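One structure is given here, and the rest of the page talks about it.
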Amino acid sequence: MSKELINKLSSPSETGRLVIVGGGPAGLAAAAKARAEGAKDIVIIERDVRLGGILNQCVHSGFGLHMFGQELTGPEYASRLEKEAAGITALTSVTVLNVTPSLEVECVSEEGIFTVRADAVILACGCRERPRGAIGIPGARCAGVYTAGTAQKLINISGIMPGRKFFILGSGDIGLIMARRAILQGGEVLGVAEIMPFSSGLKRNIAQCLDDYGVPLMLSHTVTDIREKGGRLCGVTVSRVDEKLSPVPGTERYFECDTLLLSVGLLPEVELLRAAGAEIDPVTGGAVVDERMMTTAEGIFCVGNMLHVHDLADYACKEAEECARFAVRYLEGNRGGGEGVKAECRGGVRYTVPQLLLRREEGALSLKLRVGRVAKNVYITASADGEEVYSVFRRVVAPGEMEYLTVPADKASKLRKAERVTVEMKEKK
Ligand SMILES: Cc1cc2nc3c(=O)[nH]c(=O)nc-3n(C[C@H](O)[C@H](O)[C@H](O)COP(=O)(O)OP(=O)(O)OC[C@H]3O[C@@H](n4cnc5c(N)ncnc54)[C@H](O)[C@@H]3O)c2cc1C
C-alpha cells in the first residue's frame with residue numbers, strides 16, 4: 001500500500017467516504033451495492049491476505065442460489081462477489097483495531113499504524129466459533145480437539161488431515177459439513193452428539209452430510225469425558241442427557257477415536273462494536289440495530305454474521321445490500337429515522353433483527369427472527385400496543401432455521417407508531 005494512498009485515506013473525503021470493515025461476502029455485497037446506489041468513495045478493509053472471508057475455506061457447493069440463481073462453491077461465490085466489487089479500493093492484510101465515535105478507523109498493517117477517515121462505516125467482521133473452553137467438557141487436555149472451522153481450514157486450505165477417526169460434538173452446520181468432508185477425505189466419522197433434542201443445523205445438511213453417509217445423529221447426547229494416550233485423544237465418552245441437559249448415569253458409551261470436532265455455536269465478532277460504544281444484544285451476541293442496520297453508535301452500521309449468525313451466506317449478502325442503501329442515504333445527509341421503539345420478543349421468539357423500529361421510517365418492514373424450540377402449526381404475530389397487526393402461519397419452525405417476515409407498509413406503520421411492539425409465537429387453536 002502506497003504512502004499516497006494512506007495520506008489520501010487519512011484526509012477527509014470530498015464526496016463522503018464509506019468504510020467497510022471485513023471483505024467477506026457481506027462486506028463485498030455491501031460495497032458493490034453502495035457503488036450502485038451512488039457512493040463514490042468506498043474502501044474495504046480486510047485483515048486476511050485475500051478477500052472472500054470464510055467462503056475461501058468452504059469448498060463444497062450450495063452457495064449462491066438466492067444471489068446468483070446458481071449453485072456455486074464457496075471460492076466460486078467469493079470470486080463472483082469480488083468481480084461485482086471490482087475497482088473499489090480494497091486494502092488487504094490490514095486489520096482494523098478500533099473505530100472511534102467520530103468515525104476514525106484505526107488500522108494496522110506492515111506499513112504500521114494509520115487512520116482512515118470515514119463518514120459512515122459498515123462493520124462486516126463475521127463471527128468466530130465457540131471453543132472448548134466455552135462449554136467446559138471434562139477430561140484430558142490433549143491434542144486432537146479442534147473446532148469444526150479450524151479442521152475445515154486445515155483440510156481445505158492447508159491440505160492437512162487433522163485425524164482419521166472422528167467424533168463430532170454439536171450439530172451446527174459447520175460440524176455437519178465437516179462430517180461429510182472428513183469422510184470424503186478418507187476419514188471415518190463415528191457419530192454426531194447434540195445436547196438438545198433437536199439439531200441446530202439446516203435440515204438439508206443433516207440429509208446430505210449425515211444421512212447420505214450413514215453417520216448417526218445422537219440427539220439429547222453430549223460428550224462427558226475425553227481420554228488421551230501419549231498426549232493425543234484416544235476416545236470420548238458420550239452420555240444421554242435429561243430434560244435439564246444433565247448427563248444420565250448408566251447411559252455412557254465409549255467411542256474409540258483420535259479426533260473430536262466441536263460445532264457448538266458461532267459468536268459474532270463484536271470487539272469493534274464494543275470499542276465504539278454500540279449496544280450489544282445479549283441474545284444474538286451481535287449489535288442492536290435499527291431498520292437501517294445502524295447500531296446505537298451514530299454512523300456505524302453492522303451486517304452479516306457480525307450482526308447475527310445467518311443460515312446462508314446468501315442471506316448475509318442480501319442483508320448487506322439492504323444496509324448499503326441506507327448507508328448511502330446516510331452519506332447523502334438523510335439521517336432521519338428519529339426515535340425508535342424496541343421490539344419485545346415473547347412466547348418462544350428469541351430475537352428479532354432489527355431490534356429497533358423507527359418512528360419516521362416508511363414502507364414495508366423486514367424482520368428476521370429465530371425461535372427457541374421446534375414447534376408445529378404456529379402463528380408468528382406482531383402486535384402494536386397489544387393489538388395484533390400482522391400474523392403469518394408456519395407448519396414447522398425450528399431454532400436452526402431463521403424466519404423472515406415482511407410486514408406490509410400499512411401494518412408496519414402501525415407498529416412503528418406504537419408505544420409497545422411485541423413479536424411472539426402462538427400455537428394454532
Ligand atoms: C469457521 C466457519 C466455517 C464456516 N463454514 C461454512 C460452510 O461450510 N458453509 C456455509 O454455508 N457457511 C459457513 N460458515 C458461515 C459463513 O461464515 C457465513 O455464511 C458467511 O461467510 C458470512 O459472511 P460474513 O461476510 O458476515 O463473514 P465472513 O465470511 O466471516 O467475513 C468476515 C471478514 O471480516 C474480516 N475481519 C474480521 N475482523 C476484522 C478486522 N478487525 N479488520 C479487518 N478485517 C476483519 C475477516 O477476516 C473476514 O474476511 C462458516 C462460518 C465459520 C465461522
Subset of segment 33-53, residues within 16 Å of the ligand (Cβ to nearest atom) and either outside the structural domain of Val309 (by TED's automatic domain parsing) or in contact with a Lys or Arg (Cβ under 9 Å, 6 or more places away or on another chain) (or both), comes to Lys33, Ala34, Ile42, Val43
Enumerated strands (runs of 3 or more DSSP E) restricted to segment 287-387, each holding at least 3 residues that are in contact with a Gly (Cβ under 7 Å, 6 or more places away or on another chain):
356-358
All but one of (1) among the β-branched types (Val, Ile, Thr); (2) in contact with a Ser or Thr (Cβ under 7 Å, 6 or more places away or on another chain); (3) free of Cβ contacts under 8 Å to residues at least 60 places away in the same chain hold for Ile88; which doesn't?
(2)
Quick one: how many residues across segment 119-142 are more than 14 Å from the ligand (Cβ to nearest atom) and in contact with a Gly (Cβ under 6 Å, 6 or more places away or on another chain)?
3
Give Glu256, Glu252 a once-over and let me know the one that is closer than 30 Å to Val215 by Cα, in the same structural domain as Gly187 (by TED's automatic domain parsing), touching a Gly at 6+ places or on another chain (Cβ under 6 Å) and away from the ligand (no atom under 14 Å from the Cβ).
Glu256
Segment 285-304: number of residues that are near the ligand (Cβ under 8 Å from one of its atoms) and touching a Leu at 6+ places or on another chain (Cβ under 7 Å)
0
Of the residues Cys127, Cys142, Cys107, which is under 30 Å from Cys234 (Cβ atoms) and modelled with pLDDT of 95 or more?
Cys142
Selection from segment 91-109 of residues that are free of Cβ contacts under 8 Å to residues at least 40 places away in the same chain and away from the ligand (no atom under 14 Å from the Cβ):
Ser102, Glu104
Residue pairs meeting the criteria (Cβ under 6 Å; at least 6 apart or on separate chains; first assigned by TED's automatic domain parsing to the domain that holds Pro162, in segment 134-151; second of a type in the set (Ser, Thr, Tyr) and away from the ligand (no atom under 15 Å from the Cβ)):
Gly144/Thr259
Some residue of segment 175-187 being modelled with pLDDT of 95 or more and away from the ligand (no atom under 16 Å from the Cβ)
yes
Where a residue in segment 38-62 is closer than 11 Å to Gly27 by Cβ and part of a loop (DSSP other than H, G, I, E, B) and its partner, wherever it lies, is among the polar types (S, T, N, Q) and more than 7 Å from the ligand (Cβ to nearest atom), with Cβ under 6 Å and at least six apart
Glu46/Thr92
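The values are calculated or read from the model by the stated rules, or taken from the named source; none is laboratory data. Here the structure is a predicted model, which means the values were calculated and not measured. In this analysis, Cβ positions are derived from the backbone assuming ideal geometry, glycine residues included, and neighbour counts consider all displayed protein chains.
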